[in-house]
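The values are calculated or read from the model by the stated rules, or taken from the named source; none is laboratory data. As the structure is a prediction and not an experimental result, all values here were calculated from the model. No Cβ is skipped: glycine too gets one built from the backbone with ideal geometry, and neighbour counts run over all protein chains shown.
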Amino acid sequence: MAVTPKNYARAYYLATREKPKAEIIAAAERLQKMLRNHGAIRLLPQILAELPDAIADADADRRVTFESATPLSTATIAALLEAIGADPKETETVQKISPELIGGVKIKRMDSVIDATVRGQINKLKEALRRGK
């Protein structure tokens with residue numbers, strides 16, 4: 001199995017995430033040495049190009065987006081994080097204000113979406129009426 005530049009970028013990021021600068025530099029030097037030893041140093045520019053996406057993908061489990069019609073309080077966000085089992089100290093939160101949602105909140109985490117908005121409930125009701133249920 002061939003290791004792709006994206007695989008290298010993700011492995012490098014996971015190995016260095018939250019490490020001190022000196023350890024990050026040492027890991028970069030080890031990566032360069034390993035690429036040279038395997039005749040793959042030509043992949044380094046591609047690995048660097050893949051790094052931003054690898055970081056975003058690797059940190060997706062730490063990011064939760066809250067979309068609501070109005071800003072949410074810190075206490076509300078903390079309660080919602082607890083409800084979905086996310087550690088507030090380890091989670092990056094993003095608030096998106098969308099007045100068209102009318103009320104409630106839409107929570108996005110990785111590939112999961114919890115739609116507890118008024119707009120979402122109205123859309124579900126419309127769909128149920130169209131299907132005759």
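Report yes if Ile24 is touching a residue at least 40 places away in the same chain (Cβ under 8 Å), surrounded by 12 or more Cβ atoms within 10 Å (Cβ to Cβ), among the β-branched types (Val, Ile, Thr) and part of a helix (DSSP H, G or I), otherwise no. The answer is no for Ile24. Kindly establish whether Ala60 is within 17 Å of the chain's Cα centre (by Cα), among the aliphatic types (A, V, I, L, M) and within 30 Å of Val118 (Cβ to Cβ). So Ala60 fits the description; yes.
If you filter segment 39-69 down to residues that are assigned to a helix (DSSP H, G or I) and of a type in the set (D, E, K, R), you find that the one that is surrounded by the most Cβ atoms within 10 Å (Cβ to Cβ) is Glu50. For segment 74-93, the condition holds for at least one residue, the condition being that it is on the phi > 0 side of the Ramachandran plot and either in the same structural domain as Ile122 (by TED's automatic domain parsing) or out of contact with any helix residue (DSSP H, G or I) (no Cβ under 9 Å at 6 or more places or on another chain) (or both). Only one of the listed residues (Leu72, Leu101, Leu81) is touching a Phe, Trp or Tyr at 6+ places or on another chain (Cβ under 6 Å), over 30 Å from Val3 (Cβ atoms), touching a residue at least 12 places away in the same chain (Cβ under 8 Å) and surrounded by 11 or more Cβ atoms within 10 Å (Cβ to Cβ). That residue is Leu72.
Tell me, yes or no, whether segment 16-38 has at least one residue that is within 21 Å of Asp111 (Cα to Cα) and hydrophobic (A, V, I, L, M, F, W, C). There is no residue in segment 16-38 that is within 21 Å of Asp111 (Cα to Cα) and hydrophobic (A, V, I, L, M, F, W, C).
Taken over segment 77-133, the residue count meeting the criterion of being of a type in the set (S, T, N, Q) and in a loop (DSSP other than H, G, I, E, B) is 2.
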